[in-house]
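Structure record follows, encoded as C-alpha cells.
The values are calculated or read from the model by the stated rules, or taken from the named source; none is laboratory data. Not measured: the values here are computed from a predicted model. Here the Cβ positions follow ideal geometry from the backbone for every residue, glycine too, while neighbour counts run over all protein chains shown.
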Amino acid sequence: MTDQVISGAPDETPYARLTPDTVVHAVEQAGFLADGRVLALNSYENRVYQVGIDDAPPVIVKFYRPGRWTRQAILEEHQFALDLASADIPVVAPLLIQGESLLVYEGYPFAVYPRRGGRWPDLDSAEDRVLMGRFLGRLHGRGRAGHFTDRPRLEPASWAAQSSATVLKGDWLPDYQVDRYREVTEQLMDGIAAAFEAVGPIGRLRIHGDCHRGNILWTETGPHFVDLDDCMTGPAVQDVWMLLAGQHEERRSQLRDLLEGYEQFAEFDRIELALIEPLRALRMMHYAAWLARRWSDPAFPKAFPWFAGPRYWDDHVRELTEQLAALDEPALRV
C-alpha cells in the first residue's frame, strides 16, 4: 500500500458504512472468531468498539477516521506504542496480525488491541502523582531515543492561527461576538508566539501529545495509556500540564510531585514551565476549531448540541479573555 492518505467513506459522513456487521467482519478478517457482541466505546475522532470473541477475552478495535492520516503516520504511532511496550512501559500497543499492526477492511483502516481494564486516575495523593511522573519520565526517556518523520510537529503559532481562521470562516459566532473573538484570538496568538520566543530553543521529542486523564487507566499496579492517536513531536511540558487541575497552589503541589517522579528517569527543563498557559490557550482554541471541522459528522451534533448555540460562544470568548490575562501572570514554579 502506498503512503497516501487512507480514504474510505465520504468526509461528510465518514462512518456511514461502519455498521456492527462491518465491525464483526473486519475482526473476523483479522483472524478472530467474533461472537456477535459489539459495544461502542467513547470516541469521536475515530470509532472504537469492544468486540466479543468466542472462548477468549474481548478485543478492542479502533477504526481510524478515513482521510485523516497517511498509512506511514499511523504505523509510526503503532511503532511508538510497540517500542514503549517492549521497554515494559505500560502502554496498550496494537496486536500484530501476521506481522501487521494496521489492517484495512472495506476502506476503513483499523487496528486490534487487547482489552485492558482500569479506572479514571484521580491523582489525589502525592504517591499516585509521583508514580504518574515516573511513568511519564520513562515514556519521555524512550521518546528521546528516536524521532518521528510523519507524525505532526507541535507548532503553536500556526496551529493557533489555523484554529482562529476555522472558527471565523464558519457561521458559528453570534454577530455581536465576531469582532471580540477576532480581537482576543489575535492577542492570544501574539502572546503565544511571544512566550515561545522568550523561552528560546527547547528540546523536542516524541510525546503522547494528548496526555489528559481520559487517556489514562489506573489499576492496582499504576497507570497505563490506552491511546497514542495524537502522538507528535513536541516539548515535554505538553505531556505534563494537562495532568494538573485546580487552583494555583493545588497545581503547584501536583506539579512538584509529578516532577519528583519524572526526574528519576528523565531530565526536565524547568524553563518549559513558562509555556503552560500559552499551551492551555492553544488547546482551548484548538478544541473549538476541532468541533467546527467535524460538525458534518452526524456523531458531533448529537454529542455536542450546545456547540451551535450562542451561550457556548459567549462562554468561550469569556474564557479566552480570561486566558489572555493568565498569559501575563507569573509562570507556575516549583
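Worth a mention:
- On the stretch given as the stretch 134-152, residues that are buried (at least 20 other Cβ atoms within 10 Å of the Cβ) and not in a helix (DSSP H, G or I) total 2.
- Answer from Pro305, Pro310 - the residue that is modelled with pLDDT of 95 or more and in contact with a Pro (Cβ under 8 Å, 6 or more places away or on another chain): Pro310
- Of all residues in the stretch 276-334 being more than 17 Å from Arg182 (Cα to Cα), among the basic types (Lys, Arg) and assigned by TED's automatic domain parsing to the domain that holds Leu244, the one that is surrounded by the most Cβ atoms within 10 Å (Cβ to Cβ): Arg294
- For first residues located in the stretch 250-262 and farther than 12 Å from Glu127 by Cα, partners that are of a type outside the set (Gly, Ala, Ser) and in a helix (DSSP H, G or I) and lie 6+ apart or on another chain with Cβ distances below 8 Å form the pairs Leu255/Leu273; Tyr262/Arg134; Tyr262/Leu136; Tyr262/His140.
- Residues in the stretch 72-94 that are hydrophobic (A, V, I, L, M, F, W, C), in contact with a Ser or Thr (Cβ under 9 Å, 6 or more places away or on another chain) and not in a helix (DSSP H, G or I): Ala93 alone.
- Selection status of Arg311, more than 23 Å from Phe135 (Cβ to Cβ), assigned to a helix (DSSP H, G or I), charged (D, E, K, R) and over 21 Å from the mean Cα position of the chain (by Cα): yes
- Residue within the stretch 19-28 that is of a type in the set (Ser, Thr, Tyr), surrounded by 14 or more Cβ atoms within 10 Å (Cβ to Cβ) and in contact (Cβ under 8 Å) with a residue 40 or more places away in the chain present: yes
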